[in-house]
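Read-outs: derived from the displayed coordinates by stated rules, not from any lab. From a predicted model like this one, the values you see are computed outputs, not experimental measurements. Virtual Cβ from ideal backbone geometry, glycine too; neighbours counted across all protein chains shown.
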Amino acid sequence: MNDKIAIYLRLSLADGDLKKGSKDESNSIENQRMLLHDYIGKQEDLFGEIVEYVDDGYTGTNFNRPAFSENDCGFEAGRYKSHHGKGFIPPWS
């Protein structure tokens, strides 16, 4: 059985603080990561390697996002036993 867990993190440039100063990642992405890792850690039935997909600086109005597309293909190919994202309902659900 595949024990990999996919998480998807996204924030648009319009909403974030990406590339301000020396930041490589927005605060919201950091917060989403923390929330999802915390959630997964509290679930007794979720264990395994967590694989992250991050689209920091991409709009959510369409699915033309590199990490989203890669994640979508991986999920459909059965590479992950579960998928999680904050406020995210994948189109394949």
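Take the Cα of E52, step 7 Å toward its Cβ, do the same at N2, and the gap between the two points is 2.1 nm. Summarising the amide proton neighbourhood of G85: residues at separation of 5 or more, or on other chains, whose placed amide H is nearer than 5 Å comprise Y8. Taking amide H atoms as placed 1.01 Å from N in the peptide plane, the amide H of G57 lies under 5 Å from those of L11, S12, L13, each 5 or more residues away in sequence or on another chain. Taking 7 Å steps out from each Cα toward its Cβ at N27 and N64 produces label points 3.1 nm apart.
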